[in-house]
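Accompanying notes for the structure given below.
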Amino acid sequence: MRAWLPLVALLVWLTIWRVRFSAIEKFYGLLGLALIVTVIALIHSGQTHILWPEAKHLAPPKGEGLPTYFYFGIALLGAAMTPYEVFIFSSGAVEEGWTRADLMVNRANVYIGFPLGGIISLALMGGAAIFLAPRGISVSHLSQVGLPVSAVFGKIGLAILLFGMGIAIFGAALETAMSAGYILSQYFGWQWGKFVRPSEAPRFHLTVLVTILLGACLALTTVDPVKVTEYSIVLSAAALPLTYFPILVVANDPDYMGDKTNSPPLNAIAFAYLVLLLVVAVATIPLMIVTKAGQ
Amino acid sequence: MRRAAIFVFVALVACVAPARSFGSFQGKANATAKDMLSAVETARLTVQLTQRRKTFSPFISTALGETERDGDAIAGAFDSVQPPDARSDKIRSDLDQILQLATSTLSNLRIAARRTNLVQLTGAAKPLPALSEQLQHFIEVNQ
């Protein structure tokens with residue numbers, strides 16, 4: 001059943017070993033846009049009006065307590081912003097040798113790309129709320145995510161969705177493996193990155209390889225990958241202030257940022273967000289215990 | 001060491017605690033019925049989409065294989081819960097009958113899906129609506 005896993009692990013390693021960072025970023029980023037099919041399917045279903053009353057009324061669904069509601073809220077926050085992304089993004093800036101000229105591209109990424117990812121996530125949830133929740137289906141497998149798109153667009157829609165999901169999952173495997181290499185190498189002061197030859201950054205590449213092997217071994221066990229992801233994103237949310245706060249400090253340091261330090265209004269928003277992240281960090285573990293991890 | 005501690009912590013959080021009272025057992029039975037309803041309805045929707053030729057054979061096989069595994073796990077977990085009194089025995093017996101029918105139906109669906117036999121799949125799916133109704137009724141009664 002999972003015999004193909006070593007092959008995928010090999011493909012992940014080969015991609016990281018052989019393909020340039022910018023090529024990985026552009027190829028998987030652009031092809032991942034296939035997931036927009038979830039947004040189109042939701043709109044095409046003509047049933048989005050069902051979602052509005054619940055969206056306007058912010059309260060737990062019937063039969064769900066406030067602690068569980070907030071636990072899943074934290075899970076969503078953790079899924080949208082995990083600490084490893086900070087490392088892959090900042091290391092990517094060095095890998096690609098960003099300059100001031102790249103600011104526009106990155107602003108577009110932040111103001112268009114990130115919200116687009118959020119809209120796709122909302123469409124996935126909206127599809128589940130319309131097609132699955134009324135039947136009493138609680139999503140616990142990736143295959144269930146395909147059912148709403150399949151119901152609206154049939155085989156073509158499902159094929160596009162599965163392609164997009166495959167790209168997104170493969171891209172996430174690349175990102176997390178490389179991120180492990182960046183985090184460990186930068187912490188211990190080793191030479192890192194794909195901008196130097198592998199022989200010049202052996203410990204970085206060894207870390208990436210070991211991470212891929214460990215991931216493949218974990219996937220070969222009977223551990224539910226969705227549960228592992230759920231727990232890891234919740235615990236990531238708890239750790240978010242540890243990565244967010246240093247970035248906020250650097251964003252206000254003219255030695256690093258020159259004349260591009262945060263403006264006072266931006267700092268006010270950033271500080272409010274930091275407070276939110278601190279509350280989340282404090283509440284995560286107690287909520288996990290009280291709700292038995294959202295059960 | 002820290003990772004091991006986190007793993008143990010998560011495992012402990014996810015553990016099923018024993019039922020010490022009728023209310024607790026009833027709550028577990030209700031949660032079990034909801035989980036099984038989710039598996040049954042997933043299978044039902046998958047079969048409906050298959051009948052309308054809106055999905056692929058490998059996808060159907062995967063989806064129905066997962067619902068079968070879910071069903072077995074749900075029934076197995078409930079069977080391991082100790083009923084605390086006679087009233088709980090009655091609930092256990094009622095739900096067990098539905099769970100057994102559900103798991104065998106989900107197995108039949110997986111077998112038919114792997115044979116890519118639409119006629120067999122349609123036949124195997126016949127008990128699903130009744131199963132769904134029974135589970136919903138059980139959930140309402142034991143809320």
Just reorder A:Y71, A:Y244 by solvent-accessible area, largest first, 1.4 Å probe, all chains present.
A:Y244, A:Y71
Packing-wise, with mean Cβ within 10 Å as the measure, how do A:22-34, A:265-277 rank, highest first?
A:22-34, A:265-277
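What does the average come to when, for each residue of peptide A:140-146, you count the partner chain Cβ atoms lying within 10 Å of its Cβ?
Values: counts 7, 9, 3, 11, 7, 0, 7.
Mean shielding by partner chains, rounded to a whole number: 6.
What FRET efficiency comes out for the pair A:L33/B:K126, r = Cβ-Cβ distance, R0 = 41 Å, nearest 0.05? Could you put the intermediate results ahead of the total?
Details: r = 41 Å, r/R0 = 1.01.
Efficiency, rounded to the nearest 0.05: 0.50.
Divide by every residue of chain A the summed helix terms, -39500 (n - 2.57) for each DSSP H run of at least 4, and state the resulting mean residue ellipticity at 222 nm, rounded to the nearest 500 deg cm²/dmol. Spell out each step's value before the answer.
Details: 13 runs with 211 residues, N = 295.
Per the formula, -24000 deg cm²/dmol.
Sorted by packing (mean other beta-carbon atoms within 10 Å per residue), highest first, where do A:116-122, A:222-228 land?
The most tightly packed comes first, giving A:116-122, A:222-228.
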Average projected area of the Cα convex hull of segment B:29-76, in nm²?
3.0 nm²
Contour excess over end-to-end distance, with Cα ends at A:L276 and A:S138 and 0.36 nm allotted per residue:
46.8 nm
Applying the Karplus parametrisation 6.51 cos²θ - 1.76 cosθ + 1.60 with θ = phi - 60° to the phi angles of segment B:63-73, what ³J(HN,Hα) value in whole Hz is obtained for each residue in order, glycine and proline being reported as x?
4, 6, x, 5, 5, 5, 4, 4, x, 4, 5
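Hey, what did segment B:2-141 get for relative contact order, percent, Cα under 8 Å, at least 6 apart? Walk me through the intermediate numbers first.
Working: 134 pairs, mean separation 49.0, N = 140.
This gives 35 percent for segment B:2-141.
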Working from Cα positions, state the angle (0 to 90°, nearest 10) between the long axis of helix B:128-141 and the longest principal axis of chain B.
20 degrees
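Apply the Kirkwood formula to the protein assembly as shown: the hydrodynamic radius equals the inverse of the mean of 1/r over all pairs of different alpha-carbon atoms; give it in Å with one decimal. Before the final figure, lay out the partial values.
Values: mean 1/r = 0.0412 Å⁻¹.
Its Kirkwood hydrodynamic radius stands at 24.3 Å.
With runs of 4+ DSSP H residues as the only contributors, calculate the mean residue ellipticity of chain B at 222 nm using -39,500 (n - 2.57) per run, divided by the residue total and rounded to the nearest 500. List each step's numbers first, then the result.
Numbers: 6 runs with 116 residues, N = 143.
Only helices count here, giving -28000 deg cm²/dmol.
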For the protein assembly as shown: lysine pairs with Cα atoms under 17 Å, gap of 8 or more or different chains, count?
7
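Could you give the semi-axes, largest first, of the ellipsoid that matches segment B:2-141, computed as the square roots of 5 times the alpha carbon gyration tensor eigenvalues and rounded to whole Å? Walk me through the intermediate numbers first.
Working: eigenvalues 185, 85, 23 Å².
With the √(5λ) rule applied to segment B:2-141, the semi-axes are 30, 21, 11 Å.
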Expected field for A:S263, accessible surface area in Å² at 1.4 Å probe radius, rounded to 10, holds 50 Å²
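Return the loop-located chymotrypsin sites (Phe, Trp or Tyr not before Pro) in segment A:94-161 (DSSP other than H, G, I, E, B) with at most 15 other Cβ atoms within 10 Å of their own Cβ; answer none if there are none. Let's see the in-between values first.
Details: sites: A:W98, A:Y111, A:F131, A:F153; in loops: A:W98.
Listed in order of number, the matching sites are A:W98.
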Full extension between A:Q295 and A:W190 adds, at 0.36 nm per residue less the Cα distance, a length in nm of 33.6 nm
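Quickly rank B:28-35, A:190-197, B:42-49 as a protection proxy: mean count of other C-beta atoms within 10 Å, highest first. Let's see the in-between values first.
Numbers: B:28-35: 21.6, A:190-197: 16.0, B:42-49: 23.4.
In decreasing order of mean packing, B:28-35, A:190-197, B:42-49 become B:42-49, B:28-35, A:190-197.
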If you scale each eigenvalue of the Cα gyration tensor by 5 and take the root, what three semi-axes come out for segment A:16-165, rounded to whole angstrom and sorted largest first?
32, 20, 14
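The values are calculated or read from the model by the stated rules, or taken from the named source; none is laboratory data. Because the structure is predicted, anything quoted here is derived from the model rather than measured. Please note: Cβ atoms are built from the backbone with ideal geometry, for glycine as well, and neighbour counts cover all protein chains shown. Only protein heavy atoms, including side chains, enter the accessible area calculation; ligands, DNA and RNA are left aside. Shrake-Rupley method; radii C 1.70, N 1.55, O 1.52, S 1.80 Å.
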